[in-house]
Amino acid sequence: MFIIGCDYHPRFQMIAVLEKATGEVKVLRLEHENGEAKKFYSSLPKGVLVGIEATGSTAWFERMVSECGHELWVGDPAEIRARRVRKQKTDERDALHLLDLLMMNRFPRVWVPSPEERDARQLLQHRQKLVGMRTSVKNQLHGLAMGQGLCRQQKLFSESGRKQLEALELGAWASRRREELLKLLDDLDPKIAELDQAVEAEAARRPEVVRLRKQKGVGPVVGLAFVLTLGTVERFRRSRQVVSYLGLNPLENSSGGHQRFGHITKQGNTMMRWLLVEAAQTAARLDPELSRVYKHLKFRRGANVAKVAIARRLAVKMYWILRQAPEPAPAGSHAG
């Protein structure tokens, strides 16, 4: 049996190969574009254990390793770096370090979504990018209108508002910019509507998303993104772990009996955290409990802090819905 520590790069990989029968360790460099890596893994007997750090652009490599009959483990980069003792860092040392973690059963393996889940994530990410582009286009059109004294806010994109926008007297280049921005906006709207329908269909065929939509403020986009981001909910024993996984827990630098908390860590999925903050604003209007908390926090700490706090509470509620268990009552000095 072989064990391989793989320091993966987009163009090549440095690997440390251990043959358990002889105890021999070899360090090799494999190129990707010329097919050298695929040829090497195909030549090995099935059942090889390969360990890499979590990184992007590895979809083809994961698929190739699976087709060759090998097992791929993906490790947490932060944990792997924390367990490195030597200060010298090279590709060869990184591969040997990964191999050592695999041999000592100290490899910090992380959960990896299935190919179907990754493809569904692409749907959400593509929609998110197009929505961001549409927002940017609208902001530019707002700027052109306000420069001419026309301030209609969202009504600028109504039928009457658009006629006013098109009737503005602008310079040659400003007119061209307005024309192309409006054309781009007209192209984006049907594409986003089509993606919304695809998200709705994908959410409808997942029972866990259907359950999440019973929570006020949670729509198909937020529900589907939450399920695809968390994966198997049994991975998390407590709601605090979910909050930390999403990067909604505060920074802490406590020592000597003094507690110091800062802003949220933002160490989770950026898109999921942004969607939760957006959904929290809707939930704060529709959910009486969250509305009460939001108003109280907004008065004490301001609107921005209140939005993030409601996003955290909303994530906890969604977690317990997926667990199909009642949410525990919050601990406090006022019992009942």
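The values are calculated or read from the model by the stated rules, or taken from the named source; none is laboratory data. Here the structure is a predicted model, which is why all the values come from computation and not from measurement. Neighbour counts are summed over all protein chains in view; Cβ atoms, including those assigned to glycine, are modelled from backbone coordinates with ideal geometry.
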Test set (1) modelled with pLDDT of 95 or more; (2) crowded, with 16+ Cβ neighbours inside 10 Å - THR58 fails condition number: (1)
Segment 265-291 - residue that is polar (S, T, N, Q) and more than 17 Å from LYS214 (Cβ to Cβ) and, of those, farthest from the chain's Cα centre (by Cα): SER291
Matching entry among ARG106, ARG84, ARG127 (being in a helix (DSSP H, G or I), of a type in the set (Lys, Arg) and out of contact with any strand residue (DSSP E or B) (no Cβ under 9 Å at 6 or more places or on another chain)): ARG127
Check on VAL85, at pLDDT 95 or above and either loosely packed, with under 14 Cβ neighbours inside 10 Å or of a type in the set (Val, Ile, Thr) (or both): no
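Which helices (runs of 4 or more DSSP H) sit wholly inside segment 193-284 and have at least 1 residues that are touching a Leu at 6+ places or on another chain (Cβ under 9 Å) and of a type in the set (Ser, Thr, Tyr)?
On the way: elements: 207-212, 220-230, 239-245.
Where helices (runs of 4 or more DSSP H) fall fully within segment 193-284 and carry at least 1 residues being touching a Leu at 6+ places or on another chain (Cβ under 9 Å) and of a type in the set (Ser, Thr, Tyr), they are 220-230, 239-245.
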Where a residue in segment 277-303 is closer than 18 Å to LEU248 by Cβ and without any contact (Cβ under 8 Å) to a residue 60 or more places away in the chain and its partner, wherever it lies, is part of a helix (DSSP H, G or I) and of a type outside the set (D, E, K, R), with Cβ under 6 Å and at least six apart: VAL277/ALA311; TYR294/ALA284; TYR294/ALA306; TYR294/ILE310; LEU297/ALA306; LEU297/ALA309; LYS298/ALA306
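If you check GLU67, GLU71, GLU33, GLU53, which single one turns out to be without any contact (Cβ under 8 Å) to a residue 60 or more places away in the chain and surrounded by fewer than 11 Cβ atoms within 10 Å (Cβ to Cβ)? Outline the logic, then answer.
Numbers: GLU67 fails: surrounded by fewer than 11 Cβ atoms within 10 Å (Cβ to Cβ); GLU71 fails: surrounded by fewer than 11 Cβ atoms within 10 Å (Cβ to Cβ); GLU53 fails: surrounded by fewer than 11 Cβ atoms within 10 Å (Cβ to Cβ).
Every option except GLU33 fails the conditions.
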Hits in segment 151-172 (condition: surrounded by 11 or more Cβ atoms within 10 Å (Cβ to Cβ), at pLDDT 90 or above and not in a helix (DSSP H, G or I)): SER158, LEU168, LEU170
Index of the failed condition, ALA59 passing every other in (1) without any contact (Cβ under 8 Å) to a residue 60 or more places away in the chain; (2) among the hydrophobic types (A, V, I, L, M, F, W, C); (3) in contact with a Leu (Cβ under 8 Å, 6 or more places away or on another chain): (3)
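Out of all the residues in segment 240-262, is one or more more than 30 Å from HIS126 (Cβ to Cβ), among the basic types (Lys, Arg) and over 16 Å from the mean Cα position of the chain (by Cα)?
Just the residues of segment 240-262 that are more than 30 Å from HIS126 (Cβ to Cβ), to begin with: 240, 250-262.
Checking the rest, the ones that are also among the basic types (Lys, Arg) come to 240, 260.
Among the residues that remain, those that are also over 16 Å from the mean Cα position of the chain (by Cα) are: 240, 260.
Yes, that holds for at least one residue.
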Condition broken by ALA120, with the remaining ones in (1) small (Gly, Ala, Ser); (2) in contact (Cβ under 8 Å) with a residue 40 or more places away in the chain; (3) surrounded by fewer than 16 Cβ atoms within 10 Å (Cβ to Cβ) satisfied: (3)
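Kindly establish whether SER57 is touching a Pro at 6+ places or on another chain (Cβ under 6 Å) and among the polar types (S, T, N, Q). Lay out the reasoning, then the answer.
Working: touching a Pro at 6+ places or on another chain (Cβ under 6 Å): yes; among the polar types (S, T, N, Q): yes.
It is true that SER57 is touching a Pro at 6+ places or on another chain (Cβ under 6 Å) and among the polar types (S, T, N, Q).
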